[in-house]
Every structure is written in C-alpha cells, then in structure tokens.
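This report concerns only the one structure given below.
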Amino acid sequence: MKRFPIFLLSSFLLTACGQLDSIPYIPAQTPESWLQIQPYAEIKIASQNIIFIQPSTSIIVYLLGILAIAVGSYFLKIRAGQLSRFWWGIALLLWGIGALLAGTSYEAFSYAIKCAGREACLWTSWWEVLYLIASVWSIDALTMAVAHSSTTGKLRKALSIYAIVNALVYFIIVMIGAFIPVKFLISFELLLVVSAPGIIAFFVINGWRYFKFKQSLDLTLLGTWIWLGVTIAAYFLYLISGNTASLWAKGMWFSENDVLHIGLIVWMLYIAFVLAPKVEDNPK
C-alpha cells in the first residue's frame with residue numbers, strides 16, 4: 001500500500017512524457033535535417049560520440065546561468081534580514097536554473113534530447129517545461145523584491161498576493177499544457193504574456209517613485225528595468241532581421257539568442273556591482 005503513491009506518481013510522469021512526445025517539431029525535422037539547419041560539433045568522450053549543438057551559443061547561455069546563480073547567492077549572503085535582498089537572491093537563482101535548463105534543451109544537447117533515436121524530432125521536452133516554470137517564478141520573485149524595496153501598505157500586499165497567485169496559476173496552466181498537451185500553454189509566447197505585467201509594473205513603480213522622491217535606489221532599479229527592456233527588444237529586432245541564417249551559412253555562429261544572453265550577462269553584472277549594494281527594504 002505504501003508503494004501505491006510512488007506507482008501513481010511514476011505513472012503520472014510517464015503519461016506526461018508520452019504526451020510531450022506527441023508534439024512534433026514544426027516544420028518537421030529528422031535527426032539528419034536537425035544537424036543541417038544549425039552549427040554543431042561532435043565530441044568523442046571515451047567510446048561515446050556527443051553531438052553538441054550551437055557550441056558558442058551553448059557556452060554563453062551556460063555562462064549566463066552560472067553567473068545568475070552566483071549573483072543570486074551573493075544577494076542571499078548579504079541579505080542581512082532584508083526581504084528585498086532575499087527575494088532578489090531567489091529570483092536570480094531561479095533565473096540561472098532556467099538558463100541552464102534552456103541551454104541544455106534548446107541548444108547544447110537538443111539533438112540527444114529531441115532527435116536521437118527518433119524518426120522525427122520533438123518540439124519540446126521536460127527540460128523546457130521546467131525552464132518555463134523557473135523563468136516565470138523568477139519574475140514573480142522579482143515582484144516580491146520590488147514590493148519590499150519600493151512599496152508599502154496595500155500596494156505591497158497586492159503585489160505580494162499577485163506574485164504568489166501568478167506563480168501558482170502559471171504552474172497549473174503549464175501542467176495542463178504538458179499533460180493534455182496544449183502547445184500554446186507550454187510556449188515561450190505565453191511565458192512573455194504572463195511575465196509582461198510584472199515587468200511593466202517595475203517600470204511604472206520605480207519610474208514614478210524616482211520622479212516623486214529622486215531616490216538613488218529607484219533610479220538604479222529603473223536602470224535595471226530599462227536595460228532588461230533594451231535587451232529583450234534587441235533580441236526581437238535581431239530575430240526578425242534574419243541575420244542568424246546568413247551568418248551561419250558563412251560559418252559565423254552568432255544568433256539572436258547570443259544577443260539576448262550577452263545582454264543579460266551585462267545585466268547580471270550591473271545587478272551585482274551597481275544594484276546589489278543599494279537594495280534595501282522600504283520602511284512600512
């Protein structure tokens with residue numbers, strides 16, 4: 001009887017994996033064509049040949065993930081009882097974990113995860129589902145951080161409730177999307193839709209506070225959100241430019257993801273060296 005919950009959970013997870021496997025990559029790709037549409041390197045370790053997709057992009061995103069985890073750990077180390085620093089730490093730890101998950105499934109080991117041993121490559125994986133959850137929870141943790149550093153009273157309570165509810169509801173939505181499955185519910189597009197209100201709120205709150213109080217922390221936080229916005233905009237501009245394919249054809253391994261990840265690495269350094277020393281709770 002004690003084994004029944006374990007059996008039930010195992011069956012549940014196996015069912016989910018099977019459902020994700022039913023979503024094909026569009027346009028359809030075979031393992032052979034997957035290797036033709038993007039750069040890769042084949043590395044031999046012992047007797048195993050490992051196919052490493054988009055090597056330079058993978059290295060950059062892994063660097064971003066490690067850096068984010070390091071900066072998040074730094075916030076937790078210096079938190080000194082400040083809830084805003086605590087939530088910054090949690091947010092960046094989640095951001096770093098998400099970056100590592102994304103780099104593994106979207107780039108570095110995408111062939112092994114989605115294509116190897118299959119007739120057709122898959123569209124997604126559990127690595128990517130977990131990345132989606134970690135990313136949205138990271139923004140929700142940032143919402144908690146801003147609530148404690150830049151608001152008081154009813155607004156702080158409202159933001160805190162919003163962050164908790166948003167994290168819970170998004171988790172349920174993603175699980176539904178993974179188990180039915182519903183492609184849009186486990187898409188990057190929905191992640192942007194869910195994350196956008198929080199990021200917009202950061203701009204509004206710190207922009208209004210700096211306009212009214214002229215405090216250094218609000219200006220530094222406003223700079224944080226502006227750089228994040230510029231980085232995301234640069235990613236989409238490069239994406240629609242079509243430069244990635246032309247550069248890959250010339251043997252230059254640079255993509256819109258590199259634009260995003262390099263911008264975020266600069267963002268992490270700004271957070272660590274400029275923002276972190278200034279973050280503190282706003283008195284009630």
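The values are calculated or read from the model by the stated rules, or taken from the named source; none is laboratory data. Treat the numbers as computed from the prediction; the structure is a model and nothing was measured. Backbone-built Cβ (ideal geometry, glycine too); neighbour counts: all protein chains shown.
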Does any residue of region 154-163 turn out to be assigned to a helix (DSSP H, G or I) and within 23 Å of Met268 (Cα to Cα)? yes
From the list Ala245, Ala249, Ala234, exactly one residue is in contact with a Leu (Cβ under 8 Å, 6 or more places away or on another chain) and more than 29 Å from Gln82 (Cα to Cα). Which is it? Ala234
Just one listed residue, out of Leu191, Leu219, is under 25 Å from Tyr62 (Cα atoms), assigned to a helix (DSSP H, G or I) and of a type in the set (A, V, I, L, M, F, W, C), and it is Leu191
Give the number of residues within region 255-284 that are part of a loop (DSSP other than H, G, I, E, B) and either among the charged types (D, E, K, R) or surrounded by fewer than 19 Cβ atoms within 10 Å (Cβ to Cβ) (or both). 5
Checking Gly207, Gly177 in turn, the sole residue that is at pLDDT below 95 and either part of a helix (DSSP H, G or I) or not charged (D, E, K, R) (or both) turns out to be Gly177
Do we have any residue at all in region 238-248 that's more than 30 Å from Ile37 (Cβ to Cβ) and either part of a helix (DSSP H, G or I) or not polar (S, T, N, Q) (or both)? no
Test: residue in region 184-205 that is surrounded by fewer than 19 Cβ atoms within 10 Å (Cβ to Cβ) and over 21 Å from the mean Cα position of the chain (by Cα): yes
(1) at pLDDT below 95; (2) within 20 Å of Trp253 (Cβ to Cβ): which one isn't true of Tyr62, the others all being true? (1)
Pairs where the first residue, in region 271-284, is without any contact (Cβ under 8 Å) to a residue 40 or more places away in the chain and the second is surrounded by fewer than 18 Cβ atoms within 10 Å (Cβ to Cβ), C-beta under 8 Å, 6+ apart: none
So if I check each of Arg85, Arg79, which one is part of a loop (DSSP other than H, G, I, E, B), at pLDDT 95 or above and either touching a helix residue (DSSP H, G or I) at 6+ places or on another chain (Cβ under 7 Å) or not polar (S, T, N, Q) (or both)? Arg79
Is it true that Ala112 is surrounded by fewer than 20 Cβ atoms within 10 Å (Cβ to Cβ) and in a helix (DSSP H, G or I)? yes
Looking only at region 13-48, count every residue that is part of a helix (DSSP H, G or I), more than 9 Å from Cys121 (Cα to Cα) and at pLDDT 90 or above and tell me the total. 4
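This table checks each residue for (1) over 19 Å from Val279 (Cβ atoms); (2) touching a residue at least 40 places away in the same chain (Cβ under 8 Å); (3) polar (S, T, N, Q).
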{"position": "Ala167", "(1), (2), (3)": "yes, no, no"}
{"position": "Phe184", "(1), (2), (3)": "yes, no, no"}
{"position": "Tyr210", "(1), (2), (3)": "no, no, no"}
{"position": "Lys214", "(1), (2), (3)": "no, no, no"}
{"position": "Leu219", "(1), (2), (3)": "no, no, no"}
{"position": "Thr224", "(1), (2), (3)": "no, yes, yes"}
{"position": "Trp227", "(1), (2), (3)": "no, yes, no"}
{"position": "Leu239", "(1), (2), (3)": "yes, no, no"}
{"position": "Gly242", "(1), (2), (3)": "yes, no, no"}
Residues of region 97-110 being in contact with a Leu (Cβ under 8 Å, 6 or more places away or on another chain) and either acidic (Asp, Glu) or closer than 13 Å to Ala141 by Cα (or both), which ones? none
All but one of (1) closer than 30 Å to Ile173 by Cβ; (2) crowded, with 18+ Cβ neighbours inside 10 Å hold for Thr220, so report the exception by its number. (1)
Considering residues of region 245-284 that are of a type in the set (S, T, N, Q) and over 24 Å from Ala68 (Cβ atoms) only, the residue modelled with the lowest pLDDT: Ser246
Enumerate the pairs (first residue in region 99-128 and of a type in the set (Phe, Trp, Tyr); second residue anywhere and in a loop (DSSP other than H, G, I, E, B) and at pLDDT below 95) with beta-carbon separation below 7 Å, excluding pairs fewer than 6 apart on the same chain, so at least 6 apart or on different chains. Trp123/Ile23; Trp123/Tyr25; Trp123/Ile26
